[in-house]
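What follows draws every value from the coordinates through simple rules; no lab data is involved. Bear in mind that the values here come from a model prediction, so they are computed numbers and not experimental data. Using ideal geometry, Cβ is built from the backbone for each residue, glycine included, and neighbour counts are taken over all protein chains shown.
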Amino acid sequence: MRTAITLAALLVTTGPAIAAEYAIDPDHTFVTFAIGHFGTSTNRAQFEKTSGSVQFDRAARTGQVDVRVDTHSVHSGSPGFNKHLQSADLFNADKYPEMRFVSDRFEFDGDRVAKVHGQLTLLGKTAPLVLSSTQFNCYQSPILKAEVCGGDFEGSIDRTQWGMDYLVAMGMPKTVQLTVQIEAARK
């Protein structure tokens, strides 16, 4: 009888692990991209408005991320190029004001997040995307007074998979390099 009570108490107190919830810090989360420009240079820009959430359980080696990107917030350093990036030729920001990445699963290498597998929605179409971690860490933020987890993640897409075909026939590359810098504070 005592063994049954002890076992029941252990099951109640240890139950399944619950992932901690984190809110994306928009001051430390940016999505940037780079694409070749006719073999002469590289066009780069970043999106300056992001939001979303992260769930992370290091012990269970699980996680989920949902990053929302305001496509009107694209910033290249050139007002004219920003307008063109927002136009129907490329991000079509008026029709598709949000780009979104939702992960299916985290892949770990030991205790470190190595890859994030998920789905990218761009221009109204959704397709798989895998982002590789170049660094990942959690720390106690002295400013936010909360645990913060985050890292830098990289991947590449064939933009034509989402219908972004502008100037491909003229020799502009289809492959776009993505970098996602993300930090999220525990709720």
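To the nearest 20 debye, what is the magnitude of the charge dipole of the range 17-186 about its Cα centre, counting +1 on the Cβ of each Lys and Arg and -1 on the Cβ of each Asp and Glu?
Dipole magnitude for the range 17-186 comes out near 200 debye.
Taking just the alpha-carbon atoms of the chain, what radius of gyration and Dmax come out, in angstrom?
Expressed in Å, the Cα Rg and Dmax of the chain come to 20.1, 79.
Listed here are the pairs LYS95/LYS115; LYS95/LYS187; LYS83/LYS174; LYS49/LYS95; LYS49/LYS174; LYS125/LYS187; which of them are more than 23 Å apart at the Cα? It would help to have the intermediate numbers written out before the result.
Working: LYS95/LYS115 31 Å; LYS95/LYS187 33 Å; LYS83/LYS174 20 Å; LYS49/LYS95 17 Å; LYS49/LYS174 25 Å; LYS125/LYS187 31 Å.
Among LYS95/LYS115; LYS95/LYS187; LYS83/LYS174; LYS49/LYS95; LYS49/LYS174; LYS125/LYS187, the Cα-Cα distance tops 23 Å for LYS95/LYS115; LYS95/LYS187; LYS49/LYS174; LYS125/LYS187.
Tell me the Kirkwood hydrodynamic radius of the range 82-187 in angstroms, computed as one over the mean inverse distance between distinct C-alpha pairs.
15.7
Just to verify a number: FRET efficiency for MET172 and SER53, C-beta to C-beta distance, R0 = 41 Å, to 0.05?
After rounding to 0.05, the efficiency reads 0.75.
List the residues of the range 165-187 whose backbone N lies under 19 Å from a point placed 7 Å from the Cα of LYS125 along the Cα-to-Cβ direction.
The answer is 165-178, whose backbone nitrogens lie closer than 19 Å to the label point.
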